[in-house]
Amino acid sequence: MNPKHLLLVGAAISSIIFSTGCQSSSPKTTAAAAPAATVAPAAPATPPPAAVATPAAAATAPATVPVAIRIKAGSSTSLTNSDGTVWLADQGFADGETAERADIQITNTTEPAIYQSEHYGMTSFSQPVPNGKYTVKLHFAETYEGITDKGQRVFSFNVQGQDFKDFDVFDKAGGALRAYVVTVPVEVTNGKLDITFTPNVENPEINGIEIIPNP
């Protein structure tokens, strides 16, 4: 063989031996990929509790329901009459004096006890009441022994703006010891019922007042 050919063959063999010797004898190990992180589904948000509606407090207090008021003028104690109706003791008057005459007999009424006391010489009467319409009843009887005829006691009064001039109890009732009732429809707009009394001859007098709310 040509020496030149021998050199080429030797170089080829050396190249093969060199390449084979550089390979690792252990198999190549491939690192396993880390498992993907598992994401747990988020817990559903808990909705806040629904607001409970509370009824609003009433803006104003309920309207006061009017009740009948009865006053036994001149009396130091209250009176319960035959049908169970209560009359309050004397109150609400400005000025004057009171007198009680429990032994007198009154005619023209089924409730004589109302007229066995009186308030006299007063200038006014006032009673707080809810606004509204009322029937006012004024009870009179001439029980003073010094009055023996008409014209001996004359006075005027005004009930919630309504005038009654020159009122003579003896004349209206037809004599002494006789009941007489004046009935006046009124309307209260300022929270109180007002009555004024003006003397003419002798002192004004009254035996009872009823303030009855209209339905």
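Output the residue which, of all residues in region 67-121 that are part of a loop (DSSP other than H, G, I, E, B) and in contact with an Asp or Glu (Cβ under 6 Å, 6 or more places away or on another chain), is farthest from Leu193 (Cα to Cα). Looking at the filtered set, the residue picked out is Asn81. Residue pairs whose Cβ atoms lie under 7 Å apart, separated by 6 or more positions or on different chains, with the first residue in region 69-94 and free of Cβ contacts under 8 Å to residues at least 24 places away in the same chain and within 23 Å of Thr123 (Cα to Cα) and the second among the aliphatic types (A, V, I, L, M) and buried (at least 21 other Cβ atoms within 10 Å of the Cβ), are Leu88/Ile71; Gln91/Ile71.
Conditions tested, residue by residue: (1) more than 26 Å from Thr64 (Cβ to Cβ); (2) among the aliphatic types (A, V, I, L, M).
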position	(1), (2)
Gly121	yes, no
Ser124	no, no
Asp171	yes, no
Ala176	yes, yes
Val184	no, yes
Asn200	yes, no
Asn207	yes, no
Ile211	no, yes
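For region 95-112, does any single residue satisfy the condition of being among the basic types (Lys, Arg) and without any contact (Cβ under 8 Å) to a residue 12 or more places away in the chain? Looking through region 95-112, none of the residues is among the basic types (Lys, Arg) and without any contact (Cβ under 8 Å) to a residue 12 or more places away in the chain.
A residue that is touching a helix residue (DSSP H, G or I) at 6+ places or on another chain (Cβ under 8 Å), surrounded by fewer than 18 Cβ atoms within 10 Å (Cβ to Cβ) and assigned to a loop (DSSP other than H, G, I, E, B) can be found somewhere in region 152-166. Scanning region 183-213 for residues that are among the acidic types (Asp, Glu) and out of contact with any helix residue (DSSP H, G or I) (no Cβ under 8 Å at 6 or more places or on another chain) yields Glu187, Asp194, Glu202, Glu210. Report yes if Lys172 is assigned to a strand (DSSP E or B), surrounded by fewer than 17 Cβ atoms within 10 Å (Cβ to Cβ) and more than 28 Å from the chain's Cα centre (by Cα), otherwise no. Judged against the criteria, Lys172 is not a match.
When region 122-151 is filtered for residues that are in a loop (DSSP other than H, G, I, E, B) and either crowded, with 21+ Cβ neighbours inside 10 Å or among the aliphatic types (A, V, I, L, M) (or both), the ones remaining, listed by number, are Met122, Val129, Ala141, Glu142, Thr143, Ile147.
When we screen Pro66, Pro48 for residues that are at pLDDT 50 or above and farther than 30 Å from Val136 by Cβ, the only hit is Pro48.
I'd like to know if region 196-215 contains one or more residues that are at pLDDT below 95, surrounded by fewer than 19 Cβ atoms within 10 Å (Cβ to Cβ) and out of contact with any strand residue (DSSP E or B) (no Cβ under 6 Å at 6 or more places or on another chain). Within region 196-215 (the criterion being at pLDDT below 95, surrounded by fewer than 19 Cβ atoms within 10 Å (Cβ to Cβ) and out of contact with any strand residue (DSSP E or B) (no Cβ under 6 Å at 6 or more places or on another chain)), the answer is yes, since at least one residue qualifies. Inclusion of Val188 among residues that are surrounded by 15 or more Cβ atoms within 10 Å (Cβ to Cβ) and modelled with pLDDT of 95 or more is warranted. Residues of region 109-161 that are farther than 16 Å from Val182 by Cβ, touching a Phe, Trp or Tyr at 6+ places or on another chain (Cβ under 8 Å) and among the acidic types (Asp, Glu): Asp149 alone.
The values are calculated or read from the model by the stated rules, or taken from the named source; none is laboratory data. As the structure is a prediction and not an experimental result, all values here were calculated from the model. For neighbour counting, all protein chains shown are included, and Cβ atoms are generated from backbone atoms with ideal geometry for every residue, glycine included.
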